[in-house]
Structure formats: structure tokens, C-alpha cells
Amino acid sequence: MIPSTLDQYLAVARSSLVRLEPADAYAATQRGALLVDIRPEFQRRRDGEVPDAIIVERNHLEWRLHPDSDARIPEATSADVQWVVLCEEGYASSLAAAVLQSLGLRRATDVVGGLRAWRAADLPIRPSGEVSAPRLAPEPGSAGKLAG
């Protein structure tokens, strides 16, 4: 079978990543890496969330994690932060992590197999139902605003 253009695109994206198996991703978070869940609300509501994961839906990811962005979250302090991106199955997260690397966040990576593999590895997951709000940029003039 000849690989599709999409398969080739994914392979190129993954070639720059040191992808983490779920247990290794969990261990990395215990050492200070930040797990970022990019799944949309309906998936998080249906399947649950990883405790302490930062929720940043995919369409805001680059702006929330890049340290030079005015819309960054407080954890986006430098290009040296280790971001571990999580999606449902490990496809969208690979593409997202590769984009983060291309923007200079060289330690960005993702979880092999996504939340499905995380669950199969019996790692912590909060029950489905209630979901956390996505992390947004601090409001101008708010106490949480970062100095540029």
C-alpha cells in the first residue's frame, strides 16, 4: 500500500519528535513537564480529563504556549518548557507538537496513542461528565497579566 500524503505529512511531523509512551509522559510530568490536553470539550466531557493537565483547545495552542505571545498562559515562560501534548489518539497531538517545535519550542512532544493509550496504561483520569474550562489569555489589566 502506498502511503497517503496525509500519512507522509504525519511521518515528517513525527520525525522531529521524541514521542513519549503514556507511562513516560506521566513520569515526565512528575519531573516538571507540562501536559497540555488539546481535545475539544465534547471529547473531554465524554472521556474524562487527566488531572492537572492544562486545557488548551487546538485552535489556541500556539498563542497560549509561545513565550513571546501576548496571549500566552503564565506557564509559557520560555522556549525551554517541556510541553507534552495530548489528544484522543495521538495524531493531532503529533501535528500540534511539531508546529510548536517549528516555532522554537524545541522540547515539545506528544503522547503516543493519546488519551486512549493513557487510559489503557491505567494512568490517572478524572471521570467523564464535568470538564475544566480551557486556559485563556489573561485579560488586559487583570492581576494575572504578564509583563511583556
Problem - Of all residues in segment 12-34 being assigned to a helix (DSSP H, G or I) and charged (D, E, K, R), the one that is surrounded by the fewest Cβ atoms within 10 Å (Cβ to Cβ) - result: Asp24
Fill in the blank from the handout: All conditions in (1) farther than 22 Å from Ala27 by Cβ; (2) among the aromatic types (Phe, Trp, Tyr); (3) in contact with a Ser or Thr (Cβ under 9 Å, 6 or more places away or on another chain) are true of Tyr91 except (3)
Practice task
With respect to Ser78, determine if the residue is among the polar types (S, T, N, Q) and either over 13 Å from the mean Cα position of the chain (by Cα) or assigned to a loop (DSSP other than H, G, I, E, B) (or both).
Solution key: yes
Practice task
Could you check, for segment 67-77, whether at least one of its residues is touching a Lys or Arg at 6+ places or on another chain (Cβ under 7 Å) and β-branched (Val, Ile, Thr)?
Solution key: yes
Handout entry: Selected residue (only one of Ala71, Ala97 is part of a loop (DSSP other than H, G, I, E, B) and out of contact with any Gly (no Cβ under 7 Å at 6 or more places or on another chain))
Key = Ala71
Handout entry: Ala76 vs. criteria surrounded by 13 or more Cβ atoms within 10 Å (Cβ to Cβ), among the small types (Gly, Ala, Ser) and without any contact (Cβ under 8 Å) to a residue 24 or more places away in the chain
Key = yes
Exercise for the section: Give the residues of segment 60-106 that are over 22 Å from Ile125 (Cβ atoms) and of a type in the set (Asp, Glu), sorted by residue number. Expected result: Glu62, Asp68, Asp70, Asp80
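Report yes if Arg44 is part of a helix (DSSP H, G or I), of a type in the set (Lys, Arg) and either free of Cβ contacts under 8 Å to residues at least 40 places away in the same chain or crowded, with 18+ Cβ neighbours inside 10 Å (or both), otherwise no.
So Arg44 passes the test.
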Exercise for the section: Report, by residue number, each residue of segment 101-124 that is small (Gly, Ala, Ser) and either modelled with pLDDT under 95 or surrounded by 18 or more Cβ atoms within 10 Å (Cβ to Cβ) (or both). Expected result: Ala108, Gly113, Gly114, Ala117
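Each row is one residue, and each column tells you yes or no for (1) surrounded by 19 or more Cβ atoms within 10 Å (Cβ to Cβ); (2) closer than 16 Å to Leu34 by Cα; (3) in contact with a strand residue (DSSP E or B) (Cβ under 7 Å, 6 or more places away or on another chain).
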| position | (1), (2), (3) |
| --- | --- |
| Ala53 | yes, yes, yes |
| Glu62 | no, yes, no |
| Asp80 | no, yes, no |
| Leu86 | yes, yes, yes |
| Ala97 | yes, yes, yes |
| Arg126 | no, no, yes |
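The values are calculated or read from the model by the stated rules, or taken from the named source; none is laboratory data. Just so we're clear, the structure is a prediction, and the values are computed from it rather than from any experiment. Virtual Cβ from ideal backbone geometry, glycine too; neighbours counted across all protein chains shown.
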